[in-house]
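Some notes on the structure that comes next.
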Amino acid sequence: MAEIRMLDAHDALPDGRGRHVIVIKQFHEDSPRETVIQMILSRGEGPDELTEPVHADGRKMGFDEALRAGRAVADSENIHFVYGIDRTRGPRESVVLAAGGDHSVAGEKLDDFDTEEGEHGADMGERRTPNPENYRADHEV
C-alpha cells in the first residue's frame, strides 16, 4: 500500500521525474474565494497527468477522499508515495479565508518573485518586462 506523506502548506512539491502521486488543495486561480483539489500522477517518464478527483456520479471529492483516491491510483501504478498538500492551510491563507478570499485583507502586496530561479512576476508577461513593478500600469488595456 502506498504511503501518504503530508507536506506543509508552503513546502515545495516533489520535483524531477520521480514516480509519485500528488494531491493538492489550493485556491482556484480564477476565483480566489473557491478552492480546487487536483491530483498529479507522475510515472517518471512522459508528461504528468493532472485531474480533478470526482466521484462516479460527478461530485467533486473532498481533500481526504482525494488522498484515498490518490493512494488507490498509486497502488494500481505500483507507486510508493502519495504527497498531500493543502495550500489553503498556511498562516496567510487562514487570514485570506477568514476574509472570504480577499487577498488584500492585510493591505500588503503579495510577493510573487523567485529570485533564486531568476523569475520576477506572477505571469510570463511580467517576467519578460525589464521592470515587473510597472508591468500592469504599462500594459493596461
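Quick note: the coordinates plus some simple rules give every number you see, no bench work behind them. Note that the structure is predicted; figures quoted are calculated from it, not measured. Methodologically, a virtual Cβ is constructed for each residue, glycine included, from the backbone with ideal geometry; neighbour enumeration extends over all protein chains shown.
In whole Hz, with x marking every Gly and Pro, tabulate ³J(HN,Hα) for the range 42-52 from phi via Karplus 6.51 cos²θ - 1.76 cosθ + 1.60, θ = phi - 60°.
10, 8, x, 8, x, x, 5, 9, 10, 9, 9
Considering amide H positions built from the backbone, and no H for Pro or chain starts, which residues 5 or more places from Thr35, or on another chain, come under 5 Å of its amide H?
The answer is His28.
I want the local charge near Arg89. Using Cβ-Cβ distances under 14 Å, sum +1 for each Lys or Arg and -1 for each Asp or Glu among the other residues.
Details: positive: Lys25, Arg87, Arg92; negative: Asp8, Asp11, Asp64, Asp86, Glu93.
Result for the neighbourhood of Arg89: -2.
If you take the Cα Rg of the range 3-98 and divide it by 2.2 N^0.38 Å, with N the number of residues, what do you get? All intermediate terms of the calculation are to be shown ahead of the outcome.
Numbers: Rg = 13.5 Å, N = 96, 2.2 N^0.38 = 12.5 Å.
Taking N as the residue count of the range 3-98, the ratio is 1.08.
Work out how much length Asp48 to Ala98 would gain on full extension: take 0.36 nm times their residue separation and subtract the Cα-Cα distance, in nm to one decimal. Let's see the in-between values first.
Details: separation 50, 0.36 × 50 = 18.00 nm, distance 3.35 nm.
Net length gain for the segment: 14.7 nm.
Pick out, in residue order, every one of the trypsin sites (Lys or Arg not before Pro) in the range 1-76 that is DSSP loop and has at most 16 other C-beta atoms within 10 Å; say none if there are none. The partial results should precede the final answer.
Values: sites: Arg5, Arg17, Arg19, Lys25, Arg33, Arg43, Arg59, Lys60, Arg68, Arg71; in loops: Arg17, Arg33, Arg59.
Of the trypsin sites (Lys or Arg not before Pro), the ones in loops of the range 1-76 whose Cβ has at most 16 other Cβ atoms within 10 Å are Arg17, Arg33, Arg59.
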